Amino acid sequence: MKPYTPDKIFVEKSVAKSPITRNVLSRSDGCRVEQIDSTEEKLKEARTWNPAPAKAKKSLILAKGKGSLVKPCPGQQSRGNSRNVCCDYFVINFASNCHMECTYCYLQSYLNFPYLLVYANIEKIYGELELLLDSTPNRIFRIGTGELADSLALDPLTRYSRYLVEFFAERKNALLELKTKSDHVDNLLNLDHRGRTVVAWSLNPDYIQRNEEWKTASISRRISAARRCFDAGYPLAFHFDPIIHYPGWEEGYRDVLEQLFSPIPGASICWISLGGLRMNPALMDIIRTRFPGSILPHGEFIPADDGKLRYFKPIRVEMYRKLRALIRRVDSRIPVYACMERPEVWDRAFGGRPVSNRELNDRLTQIR
């Protein structure tokens with residue numbers, strides 16, 4: 001997968017001396033650079049574009065992140081009005097938006113600007129992490145960077161991963177998860193991570209990758225990158241999310257699991273998550289407009305009580321059962337869990353559910 005190359009970089013004056021800014025500019029020879037007072041004016045201007053210019057994502061903004069950059073994942077944030085089982089995950093919002101084009105990506109209906117945005121004030125993230133981890137020193141936090149951006153897609157430019165891996169290497173009560181659809185792992189391979197960083201990949205059958213995950217690394221390249229990280233001593237994780245129901249889905253997922261477990265030992269895998277395709281209704285119309293060849297709008301969806309369109313419950317249960325069984329045949333010790341699913345789906349697909357969200361988090365971290 002080719003590294004992202006911006007046509008233009010906007011640098012907010014407040015982060016002009018950030019190490020992240022220095023990394024990006026030193027690796028962007030020949031790229032136009034403009035210093036700006038505030039990101040907000042650029043975003044305000046972009047919101048008037050209808051539609052956004054085709055090359056809009058070729059512009060990168062290095063900005064000062066405001067508000068909280070370390071927070072509970074959406075599953076925790078929506079706990080009050082959702083019955084989904086949650087794994088007590090936390091997220092670092094170090095960047096926003098993605099230049100890869102997955103047809104199902106919820107960012108299409110969530111973000112209202114076309115730039116790639118990186119928060120270069122990494123010292124703020126350090127401070128928020130220290131407060132969180134020191135607040136409960138006797139629990140292990142799972143903290144990832146893949147909510148609003150791919151964890152490694154921009155890493156050849158920003159080298160953000162190196163700073164975070166080195167920070168987490170010094171902490172005994174946290175695991176960093178870097179989740180990606182890329183194969184950009186070069187920055188990770190010579191670090192003293194001390195086993196505190198889990199490198200993770202989202203996986204789908206080759207058919208889905210080719211047709212629904214545009215501009216991403218192929219499945220074989222993702223698995224090859226995972227093997228490189230395994231050789232460098234990193235614990236690994238994998239996410240079959242979204243699982244897509246299509247003619248031949250069972251054979252497709254069986255094939256990708258065979259690809260995965262050929263070079264990757266089950267003992268190196270900290271967890272595997274399963275999550276059926278789900279989306280808000282507005283995203284369905286966006287997919288039809290932007291990706292008219294996508295198979296996703298042809299699925300059997302119903303509105304769920306969390307406001308999202310989901311596959312019928314029997315379809316989800318069948319997919320989870322079969323994928324879990326395939327994984328168990330290889331290594332029954334790998335923790336497998338459902339992401340943002342109902343307790344009754346857990347009961348039918350897994351034969352039981354966690355007693356609490358904290359228990360699920362503890363299950364996933366006890367092997368560390």
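Laboratory data are not the source of any read-out in this text; all were calculated from the coordinates shown. Note that this is a predicted model, so its numbers are computed, not measured. Positions of Cβ are backbone-derived with ideal geometry, glycine not excepted, and every protein chain shown enters the neighbour counts.
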Those trypsin sites (Lys or Arg not before Pro) in the range 173-224 that DSSP places in a loop and that have at most 16 other beta carbons within 10 Å: Arg194, Lys215
Derived scalar couplings ³J(HN,Hα) [the range 65-75; Karplus, 6.51 cos²θ - 1.76 cosθ + 1.60; whole Hz; x for Gly, Pro]: x, 10, x, 7, 9, 10, 8, x, 5, x, x
³J(HN,Hα), Karplus 6.51/-1.76/1.60, whole Hz, each residue of the range 175-192, x for Gly, Pro: 10, 8, 10, 9, 10, 8, 10, 9, 10, 8, 10, 4, 5, 8, 6, 10, 9, 8
Share, in percent, of DSSP beta bridges within the range 262-342 that are antiparallel, nearest 5: 60
Förster-model FRET efficiency, 22 Å R0, Cys31 and His99, C-beta, rounded to 0.05: 0.95
Surrounding net charge for Pro265, when Lys and Arg each add one and Asp and Glu each subtract one, Cβ distance under 12 Å: 0
Cα-centred dipole magnitude for the range 124-175, charges only on beta-carbon of K, R (+1) and D, E (-1), debye, nearest 20: 140
Share antiparallel - DSSP beta bridges, the range 66-175, percent rounded to 5: 55
Long-range amide H partners of Ile244 with built H, under 5 Å: none
Extent along principal axes [Cα atoms of the range 215-368; Å; largest to smallest]: 43, 39, 24
Percent antiparallel among DSSP beta bridges (both partners in the chain, rounded to 5): 25
Gyration tensor (alpha-carbon) shape descriptor, the range 1-50, a/c threshold 1.5: oblate
Subset of Lys17/Lys124; Lys66/Lys308; Lys66/Lys172; Lys42/Lys66 violating a 18 Å alpha-carbon distance limit: Lys66/Lys308; Lys66/Lys172
Theoretical ellipticity at 222 nm over the chain - DSSP helices of four or more residues, -39500 (n - 2.57) apiece, nearest 500: -10000 deg cm²/dmol
Amide H contacts under 5 Å for Ala338, placed H, 5+ residues apart: Leu274
Integer Hz, Karplus 6.51/-1.76/1.60 couplings in order for the range 94-101, x for Gly and Pro: 8, 7, 8, 5, 8, 8, 6, 10
Nonlocal amide H pairs with Trp201, under 5 Å, H built at 1.01 Å: Thr180, Ala237, Phe238, His239
Cross-link table Lys13/Lys57; Lys8/Lys71; Lys44/Lys181, entries beyond 27 Å C-alpha to C-alpha: Lys8/Lys71; Lys44/Lys181
Cα-based Kirkwood hydrodynamic radius, the chain, one decimal, Å: 21.2
Modelled FRET efficiency - R0 30 Å, Arg210 with Asp306, Cβ distances, 0.05 increments: 0.50
Dipole of the range 1-75, positive direction: furthest Cα of Ser59, Leu69, Ser38, with charges on the beta-carbon: Leu69
Additional length obtainable on full extension of the chain from Ser218 to Glu250, 0.36 nm per residue less Cα span: 9.6 nm
Lone cysteines, the chain (no partner Cβ under 4.7 Å): Cys31, Cys73, Cys86, Cys87, Cys98, Cys229, Cys270, Cys339
